[in-house]
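The values are calculated or read from the model by the stated rules, or taken from the named source; none is laboratory data. Bear in mind the structure is a predicted one, so any value in this text is a computation, not a measurement. Neighbour counts run over all protein chains shown; Cβ positions are idealised from the backbone, glycine included.
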Amino acid sequence: MSEANQSRPSFSPAIRWGIGLDVLLRTALVLAVVVMLNYLGAKFFHRFYLSSQTRVALSARTAGILHSLTNTVNVTLYFDRKDEFYPDIVALLNEYRAVNKNISLRTVDFVRDAGAAEKVKAQYKLGGAADKDLVIFDCSGRVKMVSGDALTQYTLEQVPNEKEREFRKKPVAFAGEKIFTAILLALQNPQPLRAYFLQGHGEPSLSDDGNFGYLKFAATLQQNYVTVTNLELLGDRAVPMDCNLLIIAAPAAAFTEMELQKIEQYLTEGGRLLALFNYASLKRATGLEPILQRWGVNVVADIAQDSKNTVTGQDIVVRRFGQHPAVDSLAQLSVQMVLPRPVVKINFPNAPASAPQVTELLFAGPATTLVNDHSEAPRDFSLAAAVEQKPVAGIANARGTTRIIVTGDSIFLGNYYLEGAGNRDFLNSATSWLLDRPQLLEGIGPRPVTEFRLLLTQHQQLQLRWLLLGVLPGGVLFIGWLVWLVRRQ
């Protein structure tokens with residue numbers, strides 16, 4: 001072989017250019033596929049977040065409770081594995097199991113494992129439409145269940161939309177450790193508190209699963225280890241002495257004078273009251289209003305409207321809260337109320353030092369007006385208030401310290417709206433304060449959820465769709481055509 005032949009390159013410049021273009025084409029094709037997959041994932045799965053819940057150290061409070069636990073606790077995670085918080089719940093329960101070997105864990109995907117799901121249903125008598133995504137704790141036949149919805153705190157976030165206002169539920173905190181540790185404490189102390197739900201005046205039913213029913217309200221109290229019982233103050237029956245909390249929700253008819261006397265006596269003795277009004281009682285006073293006025297709270301006979309903080313035009317999204325234990329945990333959340341009545345503090349002149357302490361809890365925006373009274377200037381009306389009356393020194397009340405929470409709406413705690421914003425969290429926090437449960441789980445707070453999300457308007461989405469589904473694939477095809485031309489030559 002001659003020296004000239006030995007020094008000739010193996011590939012001509014045209015071949016080398018062709019190989020380079022081929023590599024470039026393949027690289028561009030892979031990148032296009034990756035970009036399109038990410039686009040489709042963002043479009044159809046909507047949410048990506050980085051969670052700090054997994055593999056974290058449990059709080060000292062939880063560790064101490066786990067070390068003191070001697071009974072066997074069987075935990076069943078009856079959950080859809082595709083749920084976005086499923087990995088976090090599993091990881092957290094594994095942390096509990098690592099600290100105390102008396103805790104066992106089994107996972108049952110009710111969507112994909114029908115056989116195992118049927119066994120769980122039969123064992124724990126599940127069957128309702130709401131019986132899904134549950135964490136079930138079983139300690140020697142004492143069973144506590146918590147819904148997956150209760151583990152995560154949400155707030156309403158506006159989504160860019162050029163045509164209409166659109167909102168979505170954004171996760172802001174994961175309260176799994178707080179709730180799971182509370183359940184373990186309840187299993188060790190099985191005697192629940194008792195709440196009575198007043199009936200006989202058009203109040204919603206605790207067994208009603210419709211949009212305005214209170215089935216989920218009752219379930220939430222049960223999750224807080226509060227037994228709820230219906231009560232009618234008929235005849236000579238007074239509020240029972242074992243009543244830890246009296247609930248009066250959305251009465252549509254007036255109370256009798258005898259009933260009002262019994263309620264006022266209950267409060268004077270140191271009772272606890274959760275009173276929920278709504279717009280339906282505007283035309284007919286219930287009789288509770290004068291009693292509450294004597295305790296320093298005025299339920300205004302009008303409806304508040306806030307055009308700058310609304311989703312439907314009839315609701316108000318509350319984002320500002322007062323300084324009070326009943327709402328301190330809601331600082332990063334919002335509460336959505338429907339046609340609420342203002343509930344404001346009455347400033348009595350020359351009030352004695354022993355007067356009830358009244359704190360306004362939930363505030364509408366500064367541009368809020370009243371529907372009927374147009375003479376009232378726009379301002380940030382209060383929509384809920386809390387009252388506390390400590391016993392006078394030397395005098396012991398039969399029931400302890402009087403505590404009252406009054407809200408101008410009851411619909412926001414019904415089945416439909418309870419899941420929205422931080423409504424459930426308000427109910428949980430308000431109930432805990434009314435029942436005077438000091439920070440039972442002090443030091444166990446909800447962990448923040450850090451979410452990364454790209455929010456685009458419909459026009460921007462259309463442009464991106466053309467870019468990803470038209471321009472990029474078209475560019476790849478154009479490069480391929482150029483390679484074809486080069487190879488032909």
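Data for the structure
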quantity: Residue list for region 277-288, restricted to those being part of a helix (DSSP H, G or I) and at pLDDT 95 or above; calculated: L288
quantity: Test: residue in region 388-402 that is within 22 Å of V300 (Cα to Cα), of a type outside the set (D, E, K, R) and within 29 Å of the chain's Cα centre (by Cα); calculated: no
quantity: Pairs with Cβ under 6 Å, 6+ apart, first in region 319-332 and surrounded by 15 or more Cβ atoms within 10 Å (Cβ to Cβ), second of a type in the set (G, A, S); calculated: R319/S334; H324/A386; A326/A386; A326/S429; A326/A430; S329/S429; L330/G422
quantity: Selected residue [outside the structural domain of A304 (by TED's automatic domain parsing) and within 23 Å of R437 (Cβ to Cβ)] from L206, L187, L276, L221; calculated: L187
quantity: Cβ-Cβ under 7 Å pairs, at least 6 apart or on other chains, region 106-130 side assigned by TED's automatic domain parsing to the domain that holds Y86, far side assigned to a helix (DSSP H, G or I) and among the hydrophobic types (A, V, I, L, M, F, W, C); calculated: T107/V90; V108/A116; V108/A117; V108/V120; F110/A117; L126/V120
quantity: G365 being within 23 Å of A421 (Cβ to Cβ), free of Cβ contacts under 8 Å to residues at least 40 places away in the same chain, of a type in the set (G, A, S) and part of a loop (DSSP other than H, G, I, E, B); calculated: no
quantity: Residue satisfying condition, being outside any strand (DSSP E or B) and exposed (fewer than 15 other Cβ atoms within 10 Å of the Cβ), within set P240, P251; calculated: P240
quantity: Matching residues, region 301-316, being among the aliphatic types (A, V, I, L, M), over 21 Å from E264 (Cβ atoms) and in a loop (DSSP other than H, G, I, E, B); calculated: I303, V311
quantity: Exclusive hit being in the same structural domain as L292 (by TED's automatic domain parsing), in contact with a helix residue (DSSP H, G or I) (Cβ under 6 Å, 6 or more places away or on another chain) and among the small types (G, A, S), set A355, A326, A386; calculated: A326
quantity: Unmet criterion (only one of (1) aromatic (F, W, Y); (2) in a loop (DSSP other than H, G, I, E, B); (3) touching a Leu at 6+ places or on another chain (Cβ under 7 Å)) for F212; calculated: (3)
quantity: Some residue of region 231-248 being of a type in the set (G, A, S) and closer than 23 Å to S429 by Cα; calculated: no
quantity: Region 69-80 - residue that is touching a strand residue (DSSP E or B) at 6+ places or on another chain (Cβ under 8 Å) and free of Cβ contacts under 8 Å to residues at least 60 places away in the same chain and, of those, farthest from G115 (Cα to Cα); calculated: L77
quantity: In region 407-421, residue modelled with the lowest pLDDT [restricted to those that are crowded, with 24+ Cβ neighbours inside 10 Å and either more than 21 Å from E360 (Cβ to Cβ) or within 13 Å of the chain's Cα centre (by Cα) (or both)]; calculated: A421
